[in-house]
1. Could you figure out which of (1) modelled with pLDDT of 95 or more; (2) buried (at least 19 other Cβ atoms within 10 Å of the Cβ); (3) under 26 Å from residue 90 (Cβ atoms); (4) out of contact with any strand residue (DSSP E or B) (no Cβ under 9 Å at 6 or more places or on another chain) isn't true of residue 182?
2. Within region 46-58, identify whether any single residue is over 14 Å from the mean Cα position of the chain (by Cα), closer than 30 Å to residue 172 by Cβ and not assigned by TED's automatic domain parsing to the domain that holds residue 194, and answer yes or no.
3. Any idea which residue in region 185-207 is modelled with the lowest pLDDT, counting only those that are part of a helix (DSSP H, G or I) and surrounded by fewer than 22 Cβ atoms within 10 Å (Cβ to Cβ)?
4. What number of residues in region 114-154 are farther than 20 Å from residue 92 by Cβ, at pLDDT below 95 and surrounded by fewer than 16 Cβ atoms within 10 Å (Cβ to Cβ)?
5. Out of the residues in region 132-174 that are in a helix (DSSP H, G or I) and in contact with a strand residue (DSSP E or B) (Cβ under 6 Å, 6 or more places away or on another chain), state the one that is farthest from residue 232 (Cα to Cα).
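The values are calculated or read from the model by the stated rules, or taken from the named source; none is laboratory data. Everything numeric in this text was worked out from a predicted model, so none of it was measured. In this analysis, Cβ positions are derived from the backbone assuming ideal geometry, glycine residues included, and neighbour counts consider all displayed protein chains.
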């Protein structure tokens, strides 16, 4: 089937956002009076847990969590995660999180050649909006026909839910699409739907198992639509 749409993950795929998220988490922990510090090695392990709130909850299981009942802890996690997203948006606005090489060029080529664009991620709608506005401009939000986020589905990656949601919005078969991921969990999610997937590992996912990807590249710099069509055809 002919390639009709490109579906992109966000964190680690569009930009090296994960370290900015880590810095934002650490700032929020300090603001709330906790002496928690997520270094890069620890954060690499924490990224195996999908979703920021779930990541905090997983971390709390291994330390002396704040005192209080379960409802209090859940409320605190939601509050800290919301604040973390605000801090992350501040980093984006300050120009500290650029797109990875080749991403903007590939978006523009796809639009010129009539390929549809979509996003399938576990991050929040606010984070996506902040990234696109601060790297590509306000109008870039209209480039994507479907933006599936962690708020769109019940089960996060590696479950296939967000890709299934995006396919439904696009009204396309998996065989008509090509996905872009940076992690093993993301690849498992896209492949579970039958979507062929290109992987470009980020700082935190180097060395993961990318079996099943149609192509693994260091970055998308220099990659063009003709190459994508060949990889899609297999």
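1. (4)
2. Going residue by residue through region 46-58, those that are over 14 Å from the mean Cα position of the chain (by Cα) are 46, 53-58.
Add one more test, that the residue is closer than 30 Å to residue 172 by Cβ, and what stays is 54.
Adding the requirement that they be not assigned by TED's automatic domain parsing to the domain that holds residue 194 leaves 54.
Yes, region 46-58 contains a residue that is over 14 Å from the mean Cα position of the chain (by Cα), closer than 30 Å to residue 172 by Cβ and not assigned by TED's automatic domain parsing to the domain that holds residue 194.
3. Looking at the filtered set, the residue picked out is 185.
4. 1
5. Looking only at region 132-174, we keep the residues that are in a helix (DSSP H, G or I), and these are 132-136, 138-143, 161-170, 174.
Restricting the remaining residues to those that are in contact with a strand residue (DSSP E or B) (Cβ under 6 Å, 6 or more places away or on another chain) gives 135, 143, 162-163, 165-166, 169-170.
Details: 135: 28, 143: 22, 162: 21, 163: 17, 165: 21, 166: 18, 169: 21, 170: 18 Å.
Across region 132-174, the extreme among qualifying residues is 135.
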